[in-house]
Amino acid sequence: MALRTATRRLERQQLSKLRTSPSSCSSLLHSHATSFGFKEVREEEKSQMVSDVFSSVASNYDLMNDLMSGGLHRLWKDRLVSKLNPFPGMKHLDVAGGTGDVAFRILDSINSTKRRVLEDAQDDDLHEETQIYVCDINPNMLNVGKKRAIGRGLRESKSLVWVEGDAEALNFDDNSMDGYTIAFGIRNVTHVEKVLAEAYRVLRRGGRFLCLELSHVDIPGFKELYDYYSFSVIPAMGELVAGDRQSYQYLVESIRRFPPQEKFASMIADAGFQKVEYENLVGGVVAIHSGLKF
């Protein structure tokens, strides 16, 4: 009962942030508004605010993911890559993947599927053609990924290509990719529909779209516990470990503003994808959405 009361009090406090003052509303009259956590901001301001968040957390990003999820994010990303079913010679785009976590897993998966016994020259040629593009709008996140690649002995790898780019306006040709992944990134964009449209555009027919994202928990009892952990523990952890409470406050708020699983699945289908489905992990703490381009 005490936990439920505390959770409700936290929810009331957070929802009160959604109410803007008359002066704030007036300032948004001539500009499209969007959400930045529980705040309403101008669309043209959001991308810079999100960039500031990730510039701030870049150096501690992977450590905080381990702490916040108890290491489970590693298993979630493994599950994402298993659904992709990577293959040698594929052209893959990993968006918002600056630190390389997903890209490294895809490359490891491709390497593990190759048969080293009596491997012929044709297989070697195919391996050289494998390209995994790691696209992120934030150069600080990309720098973390490049350093990690060097640490993994991948400095000279031709299979990894690091690209600074916007998920809403990708600098890739139509029908050029076999696969597209985005992990813990799509809720931070200004226009989710544009991201989905771009994903559909760059994928080849038969290409798979996969999105791993923090989502919505509806299990009674577990929901109250999860909300308490989100609003009370995670921001405090961010302050203690990364010296940045506000960025992790934004994190938990942005999850609540992101569409629920069924709604997001409908958005993916509206973008043109078929066989759209999703899998909840840990009761909906995260969800993996997928779709195919036919």
Check: Exactly one of (1) part of a helix (DSSP H, G or I); (2) among the hydrophobic types (A, V, I, L, M, F, W, C); (3) surrounded by 14 or more Cβ atoms within 10 Å (Cβ to Cβ); (4) at pLDDT 85 or above is unmet by Leu63. Its number?
Finding: (3)
Next item on the list: Please tell me if Val233 is at pLDDT 95 or above, among the hydrophobic types (A, V, I, L, M, F, W, C) and closer than 28 Å to Lys39 by Cβ.
Entry: yes
Checklist line | Single residue of region 103-130 satisfying the filter (open to solvent by less than 50 Å² (accessible area, probe 1.4 Å), modelled with pLDDT of 80 or more and in a helix (DSSP H, G or I)) that is nearest to Ala167 (Cα to Cα) | finding: Ala103
Note to self: Looking only at region 131-153, filter to residues that are of a type outside the set (S, T, N, Q) and part of a loop (DSSP other than H, G, I, E, B); which one of those is most open to solvent (accessible area, probe 1.4 Å)?
What the structure shows: Arg152
Item checked: Residues located in region 203-216, provided they are touching an Asp or Glu at 6+ places or on another chain (Cβ under 7 Å) and farther than 14 Å from Ser290 by Cα -> Arg204
Next item on the list: Return yes when Arg208 is among the basic types (Lys, Arg), in a helix (DSSP H, G or I) and crowded, with 16+ Cβ neighbours inside 10 Å and no when it is not.
Entry: no
Next item on the list: Could you pull out every one of the helices (runs of 4 or more DSSP H) wholly within region 217-264 that has 1 or more residues that are under 13 Å from Val57 (Cα atoms) and not hydrophobic (A, V, I, L, M, F, W, C)?
Entry: 234-242, 245-257
Next item on the list: Mind listing whichever residues of region 148-178 are of a type in the set (Asp, Glu) and without any contact (Cβ under 8 Å) to a residue 12 or more places away in the chain?
Entry: Glu156
Next item on the list: Those residues that are more than 12 Å from the chain's Cα centre (by Cα), open to solvent by 10 Å² or more (accessible area, probe 1.4 Å) and within 21 Å of Leu84 (Cα to Cα), I need them from region 177-191; list them, please.
Entry: Asp178
Notebook entry, point to check: Looking only at residues in region 220-240 that are among the hydroxyl-bearing types (Ser, Thr, Tyr) and either closer than 23 Å to Phe54 by Cβ or in contact with a Leu (Cβ under 8 Å, 6 or more places away or on another chain) (or both), which one is most open to solvent (accessible area, probe 1.4 Å)?
Noted result: Tyr228
Next item on the list: Would you be able to say whether some residue in region 161-169 is open to solvent by 30 Å² or more (accessible area, probe 1.4 Å), modelled with pLDDT under 95, farther than 30 Å from Glu40 by Cβ and not aromatic (Phe, Trp, Tyr)?
Entry: no
Notebook entry, point to check: Is it the case that Met49 is closer than 20 Å to Lys146 by Cα, hydrophobic (A, V, I, L, M, F, W, C) and in a helix (DSSP H, G or I)?
Noted result: no
Check: What are the pairs, 6+ residues apart or on separate chains, where a residue within region 39-51 that is farther than 18 Å from Ala167 by Cβ and open to solvent by less than 60 Å² (accessible area, probe 1.4 Å) has its Cβ under 9 Å from a residue that is β-branched (Val, Ile, Thr) and not in a helix (DSSP H, G or I)?
Finding: Val41/Thr34
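The values are calculated or read from the model by the stated rules, or taken from the named source; none is laboratory data. In this text, all values refer to a predicted model and were calculated from it rather than measured experimentally. Note that we place each Cβ from the backbone using ideal geometry, even for glycine, and neighbour counts take in every protein chain shown. Ligands, DNA and RNA are excluded from the accessible area calculation, which covers all protein heavy atoms including side chains. Shrake-Rupley method; radii C 1.70, N 1.55, O 1.52, S 1.80 Å.
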